[in-house]
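What follows is a short report on a single structure.
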Amino acid sequence: MKYILEGTLAAPDGRVPHLRTVWFVTAGEVFPQLVTAYPALGDEK
């Protein structure tokens, strides 16, 4: 199962970038594994 999540993350320098993360849950597993995280298209606040 693949999950794609988007949201903001407060950075130490005051920026709040919009990120997209991708997570996989392998068949027979319980916990998700982070596959990648990258800036999503959108305005930086």
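Structural remarks
- Once backbone amide H atoms are built at 1.01 Å from N, Leu19 has Gly7, Thr8, Leu9, Ala40 as its partners under 5 Å, excluding neighbours fewer than 5 places away on the same chain.
- Full extension of the chain between Val35 and Leu9 gives 7.6 nm of extra length, using 0.36 nm per residue less the Cα-Cα distance.
- Where N is the number of residues in the chain, Cα Rg divided by 2.2 N^0.38 Å: 1.38
Throughout, read-outs are computed from the coordinates displayed, never taken from laboratory work. These numbers were taken from a predicted model, which means no experiment stands behind them.
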